[in-house]
Every structure is written in C-alpha cells, then in structure tokens.
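A.B. asks: Got a structure here, written out as structure tokens. Questions coming.
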Amino acid sequence: MAVNDYVKFVTQQFVAYMDLPKEERRQRRQVRKQEQPPLSYRLFGMVPLSLRLLFRRRP
C-alpha cells in the first residue's frame, strides 16, 4: 500500500468517526471496554486460566 493510499484511508476513517454523534462514539467505547477480557488475562495471557482450571480439578 502506497503512503498516499494509507493517508487517504486513515483520513477517511477519521472523518467517518468524527461524523458520528458524540453519544454514539461514547456508546461504542463503552461496548468495546465491556468486550475486553479481564485485566489478568490481558497481562498474563492464558496462565491465570490454566492455573484456575488446574486447581479447580483437584479435590
């Protein structure tokens, strides 16, 4: 992708984002935040999940 094409694409995306009403942008941010995995998974990957499963199996 040429530099001009990239700049054009980024500009189009930015203008489309800025054309949205403020409430719509705020709502999209909230939805994105809610869809994120928990902080421990984002920081440490699958280690917390594997440890939880390991200790849960043991009686």
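The values are calculated or read from the model by the stated rules, or taken from the named source; none is laboratory data. Since the model is a prediction, treat every value here as computed from it, not as a measurement. Cβ sites come from the backbone with ideal geometry, for glycine too, and all protein chains shown count toward neighbours. Side chains included, ligands, DNA and RNA excluded: accessible areas come from the protein's heavy atoms. Shrake-Rupley method; radii C 1.70, N 1.55, O 1.52, S 1.80 Å.
A.B. asks: Given region 9-59, what helices (runs of 4 or more DSSP H) lie entirely inside it while holding 2 or more residues that are out of contact with any helix residue (DSSP H, G or I) (no Cβ under 8 Å at 6 or more places or on another chain) and basic (Lys, Arg)? First the steps, then the outcome.
C.D. replies: Working: elements: 22-35, 39-44, 47-57.
Where helices (runs of 4 or more DSSP H) fall fully within region 9-59 and carry at least 2 residues being out of contact with any helix residue (DSSP H, G or I) (no Cβ under 8 Å at 6 or more places or on another chain) and basic (Lys, Arg), they are 22-35, 47-57.
Here is a yes/no grid of residues against (1) within 20 Å of the chain's Cα centre (by Cα); (2) open to solvent by less than 90 Å² (accessible area, probe 1.4 Å):
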residue: VAL3; (1), (2): no, no
residue: TYR6; (1), (2): no, no
residue: GLN12; (1), (2): no, no
residue: LEU20; (1), (2): yes, yes
residue: GLU23; (1), (2): yes, no
residue: ARG29; (1), (2): yes, no
residue: LEU39; (1), (2): yes, no
residue: LEU43; (1), (2): yes, no
residue: LEU51; (1), (2): no, yes
